[in-house]
């Protein structure tokens, strides 16, 4: 808040606090004795309808002898002469509570009507669900301040509030169920200085601008997200409105260019302008620069196009400029850098290009630059990072996600006030030394992620800073573990992944900070054994050590975090997990692609928070322990590619939130459990392939309406295919339209006393696709697949299966299926791969198969199919092996011709460029002959008609038309 704004605000509130808390002296109490009895009873009756969440704010209110003086109650202020209650302030924010930490709930009773001298009423941030604004509020004619912000009230704002003629501040914001049909009544509040109606539905208030112009003393106007009508009559101006407007917020209203006339044609004392998310169009007018008193301008989240307006440089008092999230392009005018008062410049998320100016060469108009915050991230800025020492007050430099290249000037180390330095996702190619950080004692966030930078720092270097956030992913830090990190005691987020480190993890790393929430050392060549450490986490962080060369048992202290990524290492044991004897906050554990061996420990009952468990691709053996079923929050369970034996434990039926169940590539046996279809109805992926399951497919699997991928391949499953497979609703939809490309679910990343963060885990799965084993992750959500190959299925392929219109892959090969290929197979509009090979199918290939225009893999070999292969671009393009083993099939691409067809060699050889219209005798010469005959005949008749005038006009038209049609 600027000093000017603070003074205005203080003067505004000064009358409200006269005679408030503690303002009644002892002499006055002796003179007036107790508070007014009627008002005390009214307040107690009001209390009876309220319930408190959290602190006991109203515990001081009571009828007991020691609580009788209502003027001493919290939230109450009395006049120090009359004893009347003049202030009722029950907003949690008044008493230092954070939003939602505690609040009041209930009803607002009409007993408050007794407070006839009330001039200050604040009930904001409480929960009065189902309440309208009470009609008796309109009787508080002495009110100067009314705040009902964030109270969950609803309904139309009563226009009778116009009776509050003394009102100076009205705040009804952040009640999304409030609506106003017209604002004309507000013009009667001639003393109004503050009007805040953000999130109120004003879509029908066509008079909003006329109303604002009738408030001569208005200093603050906030109409954020109000659906304001986009109507600004050409005659409308600010001539009769307040010239002291200090705060203007019209954000998120989709206002058009017509708002320019109102905003930019006049010079008034605007301190703050916020047009966040306004749909402005066209360039900013040239007379924009007349607003020389403007100190804060926010036009972010708009549709501004073209270059950054040069007239902005005329706003010589500008302190805050925000043009984020627009479509601005071109270079930033050099004159902008010479606005001496500018402290905050935000232009991220545009298409701004060009280089940052070499400001040492720019004529300096200012004796001192005030710039503190510079955010130009996510643009198209090129060049190297220039000398910025002219801006000695800089606290934040954010230039991430641009096209910066070249070097980083060592002069950046002279910016002694710098807190944030973010240069991530550029192409800066330089060697960073101690000189770049020499005087950055206040630096708290360092982000050089995804730049080919080399940090050439001496091992004894002691940085001048204590960082909170260290993001150096993909920078060259190795091969030794950076020792300067040992000096950092307060960091909360460390990312040195892909940093070329081939050292072991030093023991001191775990003892530096118990407050951190994220540590990422993945994708290095870190090796060795991690020794157990006695750490009592102050927070429960997320740790990522994946894709390294770590080995040995997993130490106990790593299991006491919120999320643990250990995949693609050489860990041999996780038995220490059984040493956890109390409730665990672990929500993600990924130890896939390691060397875990032996039986899986049976001690998962303490992991009630675990949502993702991946132990796939190890050497685990024995039975899957029953305690796995105690993880009732688990959404992903990957146990595939191990050596598990026995049946799938029935306790897993308790895991009703499962979305992905993968136990393929094991030695599990038994019938497919019926409880899968009965209890696990959220399943999206069910993979039991390459085991020893037997028996028939339970019909209740058809209850899995969300299922997108079903893989029972390479088992001993027998019986027929259930007709109800068509109930897989998710497979009936087009995946590219109805879902995302990934299958993801949220998990808790870290837990602290302040709360937790939710992150997303993208599931991945090994699939045999088009004959190749591949890992799917970023596109797994698009896969709609049924693979029942290599089993002992019999019977016919049910026609109902063709209702799965979104199916991308269907593999029923190597079974004992009989009957014909379903006639409606062409309904598989999304099908990319179809394999029905090695069965006993007979009859003709349905002609509808030619409709599968997306088909890239087809195998119908080794069946008893007969007749001609249907004709289509796809079907004739497949290798003949796709049809082999069907002796009675004929037609291209097979060599054997169908009965009655001419041999392929009998057709004349076509010259290059000849068109094929299906008749072999029609050649290019045929068309030449026909054309020549037409020309000769035509002109012969014309010559004859010259001598026969009676034919000349009528018959020639008939002849020409007939011959043209024949041609």
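The values are calculated or read from the model by the stated rules, or taken from the named source; none is laboratory data. Computed from a predicted structure; not experimentally measured. FYI the Cβ positions are ideal-geometry reconstructions off the backbone, even for glycines, and counts take in every protein chain you see.
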Checking residue 645 against (1) assigned to a helix (DSSP H, G or I); (2) more than 21 Å from residue 586 (Cα to Cα), which test does it fail? (1)
Need the failing condition index for residue 511 against (1) within 29 Å of the chain's Cα centre (by Cα); (2) modelled with pLDDT under 95, just the number. (1)
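Among the residues of region 777-787 satisfying the criterion of being modelled with pLDDT under 75 and touching a strand residue (DSSP E or B) at 6+ places or on another chain (Cβ under 9 Å), which is surrounded by the most Cβ atoms within 10 Å (Cβ to Cβ)?
So the first thing to find is which residues in region 777-787 are modelled with pLDDT under 75, and the list is 777-779, 781.
Those still in the list that are touching a strand residue (DSSP E or B) at 6+ places or on another chain (Cβ under 9 Å) too: 777-778, 781.
Working: 777: 14, 778: 10, 781: 22.
Filtering region 777-787 for residues that are modelled with pLDDT under 75 and touching a strand residue (DSSP E or B) at 6+ places or on another chain (Cβ under 9 Å), the one surrounded by the most Cβ atoms within 10 Å (Cβ to Cβ) comes out as 781.
Conditions tested, residue by residue: (1) at pLDDT below 95; (2) loosely packed, with under 14 Cβ neighbours inside 10 Å; (3) more than 49 Å from the chain's Cα centre (by Cα).
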{"residue": "854", "(1), (2), (3)": "yes, yes, no"}
{"residue": "875", "(1), (2), (3)": "yes, no, no"}
{"residue": "878", "(1), (2), (3)": "yes, no, no"}
{"residue": "900", "(1), (2), (3)": "yes, yes, yes"}
Find all pairs meeting these conditions: Cβ atoms under 8 angstrom apart; at least six residues apart or on different chains; first residue within region 773-797 and under 16 Å from residue 708 (Cα atoms); second residue loosely packed, with under 15 Cβ neighbours inside 10 Å and at pLDDT below 75. 781/740; 782/736
Which numbered condition in (1) within 28 Å of residue 650 (Cα to Cα); (2) crowded, with 20+ Cβ neighbours inside 10 Å; (3) at pLDDT 95 or above is the only one that residue 619 fails? (2)
Name, by its number, the condition in (1) more than 35 Å from the chain's Cα centre (by Cα); (2) farther than 26 Å from residue 250 by Cβ that does not hold for residue 131. (1)
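Please determine, by comparing only the residues of region 750-776 that are in a strand (DSSP E or B) and at pLDDT below 70, which one is surrounded by the most Cβ atoms within 10 Å (Cβ to Cβ). Explain how you work it out, then say what you get.
Step one: list which residues in region 750-776 are in a strand (DSSP E or B), which gives 750-752, 755-762, 765-769, 772-776.
Among the residues that remain, those that are also at pLDDT below 70 are: 750-752, 755-757, 769.
Values: 750: 25, 751: 19, 752: 16, 755: 8, 756: 17, 757: 16, 769: 18.
Per the stated criteria, the residue is 750.
Kindly check whether there is at least one residue in region 727-738 that is in a helix (DSSP H, G or I), in contact with a strand residue (DSSP E or B) (Cβ under 8 Å, 6 or more places away or on another chain), closer than 18 Å to residue 673 by Cα and at pLDDT 75 or above. Let's see the steps before the verdict.
First, pick out the residues of region 727-738 that are in a helix (DSSP H, G or I): 727, 729-732, 735-738.
Next cut, in contact with a strand residue (DSSP E or B) (Cβ under 8 Å, 6 or more places away or on another chain) only: 731.
After this cut, where a residue has to be closer than 18 Å to residue 673 by Cα as well, the list is none.
No, the conditions are met nowhere in region 727-738.
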For the condition in contact with a helix residue (DSSP H, G or I) (Cβ under 9 Å, 6 or more places away or on another chain) and under 22 Å from residue 660 (Cα atoms), what is the one hit in 574, 566? 566
All-but-one check, residue 337 against (1) in contact with a strand residue (DSSP E or B) (Cβ under 7 Å, 6 or more places away or on another chain); (2) not in a loop (DSSP other than H, G, I, E, B), failing number (1)
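Does region 93-102 contain at least one residue that is surrounded by 20 or more Cβ atoms within 10 Å (Cβ to Cβ) and in contact with a strand residue (DSSP E or B) (Cβ under 9 Å, 6 or more places away or on another chain)? Outline the logic, then answer.
Just the residues of region 93-102 that are surrounded by 20 or more Cβ atoms within 10 Å (Cβ to Cβ), to begin with: none.
No, region 93-102 contains no residue that is surrounded by 20 or more Cβ atoms within 10 Å (Cβ to Cβ) and in contact with a strand residue (DSSP E or B) (Cβ under 9 Å, 6 or more places away or on another chain).
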Which number in (1) surrounded by fewer than 22 Cβ atoms within 10 Å (Cβ to Cβ); (2) assigned to a strand (DSSP E or B) marks the one condition that residue 559 misses? (2)
Inter-residue pairs, beta-carbon under 9 Å, first at positive phi and at pLDDT 95 or above and in region 672-694, second surrounded by fewer than 22 Cβ atoms within 10 Å (Cβ to Cβ) and not in a strand (DSSP E or B), 6+ apart: 690/641; 690/665; 690/714; 690/790
For residue 118, which of the numbered conditions (1) within 26 Å of residue 35 (Cα to Cα); (2) at pLDDT below 95; (3) surrounded by 16 or more Cβ atoms within 10 Å (Cβ to Cβ) fails to hold? (2)
If you check residue 479 against the conditions, is it out of contact with any strand residue (DSSP E or B) (no Cβ under 6 Å at 6 or more places or on another chain), part of a loop (DSSP other than H, G, I, E, B), closer than 24 Å to residue 375 by Cα and touching a residue at least 12 places away in the same chain (Cβ under 8 Å)? no
Residue list for region 794-808, filter: farther than 16 Å from residue 724 by Cβ and either in contact with a helix residue (DSSP H, G or I) (Cβ under 9 Å, 6 or more places away or on another chain) or crowded, with 23+ Cβ neighbours inside 10 Å (or both): 805, 806, 808
I'm checking my understanding of the structure. Among residues of region 645-654 that are in contact with a strand residue (DSSP E or B) (Cβ under 7 Å, 6 or more places away or on another chain) and either modelled with pLDDT under 95 or more than 20 Å from residue 709 (Cβ to Cβ) (or both), which one is surrounded by the most Cβ atoms within 10 Å (Cβ to Cβ)? 645
Filter region 143-165 down to the residues that are buried (at least 16 other Cβ atoms within 10 Å of the Cβ) and part of a loop (DSSP other than H, G, I, E, B) and list them by number. 143, 144, 148, 149, 150, 151, 152, 153, 157, 158, 164
Residue 119 vs. criteria touching a residue at least 12 places away in the same chain (Cβ under 8 Å) and under 22 Å from residue 194 (Cα atoms): yes
In region 297-334, what residues are within 19 Å of residue 394 (Cβ to Cβ) and over 29 Å from the mean Cα position of the chain (by Cα)? 318, 319, 332, 334
Quick check on region 515-535. Is at least one of its residues more than 21 Å from residue 555 (Cβ to Cβ) and in contact with a helix residue (DSSP H, G or I) (Cβ under 8 Å, 6 or more places away or on another chain)? no
Unmet criterion (only one of (1) surrounded by fewer than 22 Cβ atoms within 10 Å (Cβ to Cβ); (2) in contact with a helix residue (DSSP H, G or I) (Cβ under 8 Å, 6 or more places away or on another chain); (3) outside any loop (DSSP other than H, G, I, E, B); (4) free of Cβ contacts under 8 Å to residues at least 40 places away in the same chain) for residue 632: (3)
In region 120-133, anything closer than 21 Å to residue 162 by Cβ and either touching a helix residue (DSSP H, G or I) at 6+ places or on another chain (Cβ under 7 Å) or outside any loop (DSSP other than H, G, I, E, B) (or both) is listed as 120, 121, 122
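Could you tell me whether residue 487 is surrounded by fewer than 20 Cβ atoms within 10 Å (Cβ to Cβ) and either in contact with a strand residue (DSSP E or B) (Cβ under 9 Å, 6 or more places away or on another chain) or at pLDDT 95 or above (or both)?
Working: surrounded by fewer than 20 Cβ atoms within 10 Å (Cβ to Cβ): yes; either in contact with a strand residue (DSSP E or B) (Cβ under 9 Å, 6 or more places away or on another chain) or at pLDDT 95 or above (or both): no.
Criteria not met by residue 487.
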Within region 166-179, residues touching a helix residue (DSSP H, G or I) at 6+ places or on another chain (Cβ under 9 Å) and either surrounded by fewer than 22 Cβ atoms within 10 Å (Cβ to Cβ) or touching a residue at least 60 places away in the same chain (Cβ under 8 Å) (or both) come out as 168, 169
